[in-house]
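Chemist: Here it is, the structure, as structure tokens.
The values are calculated or read from the model by the stated rules, or taken from the named source; none is laboratory data. Keep in mind the model is a prediction, meaning the values are calculated, not measured. Reconstructed Cβ throughout: ideal geometry from the backbone, glycine too, with neighbour counts over all protein chains shown. With ligands, DNA and RNA removed, areas are computed over all heavy atoms of the protein, side chains included. Shrake-Rupley method; radii C 1.70, N 1.55, O 1.52, S 1.80 Å.
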Amino acid sequence: MDITLPPEADALSWHGHTRFAGAALVQSFDLAPAGQRDVIPRKIFPGGRVETFRRSGFDLVLYEAADRSNSCLVWAGPHNEATTWFGGPAPRRAVLNRLVANLTFADSPEGARLVSADPVANLQQSTTVIIGSSERLVVMIKDARGAREELPTWKGATQGDAEVWKEPLELDPEQAEAVKGTPFEWRYIMANATSITEVVFHRRAAESAQLRNTEEHDKAAAVLAGLKAVWGG
């Protein structure tokens, strides 16, 4: 995926989610910047079991709760990591080996790649979403091929090669009144030939006096005008 971000978007922290399904496995994965797994032994499985297996370019780290009620496996690269949860005790070694053998994980400063190890193995990858967040906004990007049915049924506005919609956020009456007439009352949806992007601006990032500030409106407009995602593969 190639993402163009205007400076007004600020620096975003990126996460992802994807799912594989086939005869060999049915498993979901969360992708995050390196180091996110550190919270697992400290807060999620305190006192639990940890095993590390060295691989070329990354480590495989297996975590299991002390009472064996849950477990997870992390592909831990130097820049990014991918985690899958088992909802019970850690699988047998043979099951783990089969899971790992079915997937290819590659890490780099530009991002991580998690795909089927065998393109002809009929292992389907779906529900992939990329999420970028900052104090100012949240951006959620999906592959247009699998998410077209989620778009509004009415025609949106044209913006370059994209179609744009805005939908009111589900706010209580007091919140809705506070943000009325500002970028903070809407969910923005942008669709082009390859991707569908949703943008929500955080109301908590601005003080009440700033909600109707022209600068806040200008920054939101710049983000919406300059943000573009092109989904490849």
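Chemist: Which entries in Lys43/Lys142; Lys142/Lys166; Lys155/Lys180 show an alpha-carbon gap greater than 19 Å?
Modeler: Among Lys43/Lys142; Lys142/Lys166; Lys155/Lys180, the Cα-Cα distance tops 19 Å for Lys43/Lys142; Lys155/Lys180.
Chemist: Relative contact order, percent, of the chain when contacts are C-alpha pairs under 8 Å separated by at least 6 residues? Before the final figure, lay out the partial values.
Modeler: On the way: 437 pairs, mean separation 48.7, N = 233.
The normalised contact order for the chain reaches 21 percent.
Chemist: So how far apart, in nm, are the two label points at Leu5 and Ala178 if each is 7 Å from Cα heading toward Cβ?
Modeler: According to this spin-label approximation, the distance is 2.6 nm.
Chemist: If the chain between Ala193 and Arg93 were fully stretched, how many nm would it gain, using 0.36 nm times the residue separation less the Cα-Cα distance? All intermediate terms of the calculation are to be shown ahead of the outcome.
Modeler: Details: separation 100, 0.36 × 100 = 36.00 nm, distance 4.26 nm.
Taking Ala193 through Arg93 to full extension adds about 31.7 nm, to one decimal.
Chemist: Please give, to one decimal in nm, the separation of the simple spin-label points placed at Val138 and Ile44, each 7 Å out from Cα toward the Cβ.
Modeler: In this crude spin-label approximation the distance works out to 1.9 nm.
Chemist: Write out the chymotrypsin sites (Phe, Trp or Tyr not before Pro) in the range 63-160 meeting two conditions: DSSP loop, and at most 13 other Cβ atoms within 10 Å of their Cβ.
Modeler: Working: sites: Tyr63, Trp75, Trp85, Phe86, Phe105, Trp154; in loops: Phe86, Trp154.
The qualifying sites are Trp154.
Chemist: Something else now. Ala101 versus Asp59, label points 7 Å from Cα toward the beta carbon: distance in nm?
Modeler: 2.5
Chemist: Only sites in a loop by DSSP and with at most 11 other Cβ atoms within 10 Å count here; which GluC sites (Glu not before Pro) in the range 132-196 make the cut? It would help to have the intermediate numbers written out before the result.
Modeler: On the way: sites: Glu135, Glu149, Glu150, Glu163, Glu170, Glu174, Glu177, Glu185; in loops: Glu135, Glu170.
Within the range 132-196, the qualifying GluC sites (Glu not before Pro) (loop, at most 11 other Cβ atoms within 10 Å) are Glu135, Glu170.
Chemist: Keeping every protein chain present and rolling a 1.4 Å probe, give me the accessible area per residue for the chain in Å².
Modeler: Details: 13000 Å² over 233 residues.
Per-residue accessible area for the chain comes out at 56 Å².
Chemist: Quick one: pull the percent of accessible area on the range 71-219 belonging to carbon and sulfur, 1.4 Å probe, ligands and nucleic acids left out.
Modeler: Working: 4220 of 8400 Å².
It is 50 percent, rounded to a whole number.
Chemist: Follow-up question, since we're still on this one. As an exercise, find the ratio Rg/Rh for the range 104-233 from alpha-carbon atoms, using the Kirkwood inverse-distance average for Rh. If you can, show how the numbers build up before the last one.
Modeler: Numbers: Rg = 17.4 Å, Rh = 16.7 Å.
Answer for the range 104-233: 1.04.
Chemist: Work out how much length His217 to Ala121 would gain on full extension: take 0.36 nm times their residue separation and subtract the Cα-Cα distance, in nm to one decimal.
Modeler: Values: separation 96, 0.36 × 96 = 34.56 nm, distance 4.91 nm.
Between His217 and Ala121, full extension yields an extra 29.6 nm.
Chemist: Out of (1) 19.9; (2) 21.2; (3) 18.7, which label holds the value of Kirkwood radius over Cα pairs in Å that was computed here?
Modeler: Among (1) 19.9; (2) 21.2; (3) 18.7, the one calculated here is (1).
Chemist: What figure in square angstrom, to the nearest 10, would you give for the accessible area of Met190 with a 1.4 Å probe?
Modeler: Accessible area of Met190: about 10 Å².
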